[in-house]
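Student: This is the structure I have questions about; it appears just below.
The values are calculated or read from the model by the stated rules, or taken from the named source; none is laboratory data. Nothing here was measured: the structure is a model prediction, and the numbers come from that model. Here the Cβ positions follow ideal geometry from the backbone for every residue, glycine too, while neighbour counts run over all protein chains shown.
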Amino acid sequence: MIIDFHTHGKLAKYLEFSPAYTDWLFGAARRAGLDALCLTEHFNTQGFRQVYADISSRYPREGDAFNVNGLLVFPGMEVDIAEGGHTLVLGPMEDILSFNLALEPHKAKGSFLPFDELAAEVKRRDLHFGAGHPFRAPGHIPELSDEQLHAFEFVDLNGKDLSHDRTRTVEKTYAFAQRIGDVPVVSGSDTHQAFQYGCVTTRMDGRCTTYDELFEMVNARAYQIELADDLEFRVLTAATLKRALKEIDRLGGSYVDTILAGPAA
């Protein structure tokens with residue numbers, strides 16, 4: 001099973017949720033060779049609950065995942081911390097939605113939860129906790145104490161960061177994972193736009209539909225991380241198109257209609 005542990009279902013946080021755009025993303029993920037992904041939408045994105053309400057209403061559930069035309073979509077969210085930096089929280093949909101609602105007072109910049117409070121709440125709710133692109137500025141996750149960082153269960157080897165410096169990102173990520181308790185490193189494309197799928201993937205040794213099964217294999221290191229030869233080009237192309245689509249929206253056009261129009265004649 002080929003999986004991506006860090007993905008987004010919207011183009012940008014401030015935009016309204018578009019089922020058509022998210023469907024386009026999921027279709028592109030399948031065409032890129034993915035069998036599964038963790039949908040780690042930003043916890044303070046507009047319409048967070050709408051995303052899961054739509055998916056759960058239209059697609060069958062398999063364990064903790066939803067089967068979107070053959071693509072297993074595992075629920076999750078990306079959560080900011082007061083110290084600066086992003087974390088990944090994974091778990092069943094009901095638990096993610098409940099936690100997201102509890103975080104409502106902490107969604108605006110300046111009111112994010114401190115790391116210790118967030119980590120304690122994740123543990124209390126029995127969810128999975130990971131460090132998202134820990135070295136990306138202006139985050140400060142590596143500056144937290146080793147005792148604090150042991151709360152993480154996994155670390156994200158991030159596609160966007162790999163595109164800037166592949167060798168150095170791999171070295172720093174694995175060294176960080178070793179430092180905080182030799183926790184597993186898994187792949188995350190961090191895509192908001194379809195062309196980035198497949199830039200970095202995790203090939204699991206078996207298929208799983210629950211988080212218990214998934215993390216049993218993760219903790220047993222029963223997987224391999226694969227980097228695309230054209231990783232840098234995929235990320236650059238996705239970033240370029242993302243900027244163009246956001247500009248279309250700013251000018252009053254429909255970025256969704258633009259995407260769904262297909263190739264020019």
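Student: Of Lys123, Lys109, which residue is out of contact with any Gly (no Cβ under 7 Å at 6 or more places or on another chain), among the basic types (Lys, Arg) and under 14 Å from Gly84 (Cβ atoms)? Give the derivation first.
Tutor: Details: Lys123 fails: under 14 Å from Gly84 (Cβ atoms).
Going through Lys123, Lys109 in turn, just one is out of contact with any Gly (no Cβ under 7 Å at 6 or more places or on another chain), among the basic types (Lys, Arg) and under 14 Å from Gly84 (Cβ atoms): Lys109.
Student: Let me ask another. Of all residues in the range 3-41, how many are crowded, with 18+ Cβ neighbours inside 10 Å and either among the β-branched types (Val, Ile, Thr) or under 17 Å from Val235 (Cβ atoms) (or both)?
Tutor: 15
Student: Follow-up. Output the number of residues of the range 84-110 satisfying the condition of being hydroxyl-bearing (Ser, Thr, Tyr) and either buried (at least 19 other Cβ atoms within 10 Å of the Cβ) or not in a helix (DSSP H, G or I) (or both). First the steps, then the outcome.
Tutor: Here is the first cut: in the range 84-110, the residues hydroxyl-bearing (Ser, Thr, Tyr) are 87, 98.
Now drop any that are not either buried (at least 19 other Cβ atoms within 10 Å of the Cβ) or not in a helix (DSSP H, G or I) (or both), which leaves 87.
Total meeting the criteria: 1.
Student: Let me ask something additional. Considering each of Phe66, Phe74 in turn, give the residue that is touching a helix residue (DSSP H, G or I) at 6+ places or on another chain (Cβ under 6 Å), within 18 Å of Leu214 (Cβ to Cβ) and part of a strand (DSSP E or B).
Tutor: On the way: Phe74 fails: touching a helix residue (DSSP H, G or I) at 6+ places or on another chain (Cβ under 6 Å).
After applying the criteria, what remains is Phe66.
Student: From the list Glu247, Glu216, Glu232, which residue is loosely packed, with under 12 Cβ neighbours inside 10 Å and assigned to a helix (DSSP H, G or I)?
Tutor: Glu247
Student: Based on this model, can you work out whether Asp23 counts as under 15 Å from Leu214 (Cβ atoms) and touching a strand residue (DSSP E or B) at 6+ places or on another chain (Cβ under 9 Å)?
Tutor: no
Student: Please list, ordered by first then second residue, the pairs with beta carbon atoms under 8 Å, 6 or more apart or interchain, first in the range 38-64 and touching a residue at least 12 places away in the same chain (Cβ under 8 Å) and more than 20 Å from His6 (Cα to Cα), second of a type in the set (A, V, I, L, M) and buried (at least 16 other Cβ atoms within 10 Å of the Cβ).
Tutor: Final answer for the pair search is Tyr59/Val68; Tyr59/Val73.
Student: A further question on this structure: Scan (1) of a type outside the set (A, V, I, L, M); (2) touching a His at 6+ places or on another chain (Cβ under 9 Å); (3) farther than 28 Å from Lys13 by Cα for the single condition His192 breaks and write down its number.
Tutor: His192 satisfies all of (1) of a type outside the set (A, V, I, L, M); (2) touching a His at 6+ places or on another chain (Cβ under 9 Å); (3) farther than 28 Å from Lys13 by Cα except (3).
Listed here are the residues, each with its yes/no results for (1) touching a residue at least 24 places away in the same chain (Cβ under 8 Å); (2) part of a loop (DSSP other than H, G, I, E, B).
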residue: Thr167; (1), (2): no, no
residue: Lys172; (1), (2): yes, no
residue: Gln178; (1), (2): no, no
residue: Gly181; (1), (2): yes, yes
residue: Val186; (1), (2): yes, no
residue: Arg203; (1), (2): yes, no
residue: Gly206; (1), (2): yes, yes
residue: Thr209; (1), (2): yes, yes
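Student: Then there is this: If only one of Gly206, Gly262 is modelled with pLDDT under 95, under 27 Å from Leu127 (Cα atoms) and either of a type in the set (Phe, Trp, Tyr) or exposed (fewer than 13 other Cβ atoms within 10 Å of the Cβ) (or both), which one is it?
Tutor: One residue alone meets the criteria, Gly206.
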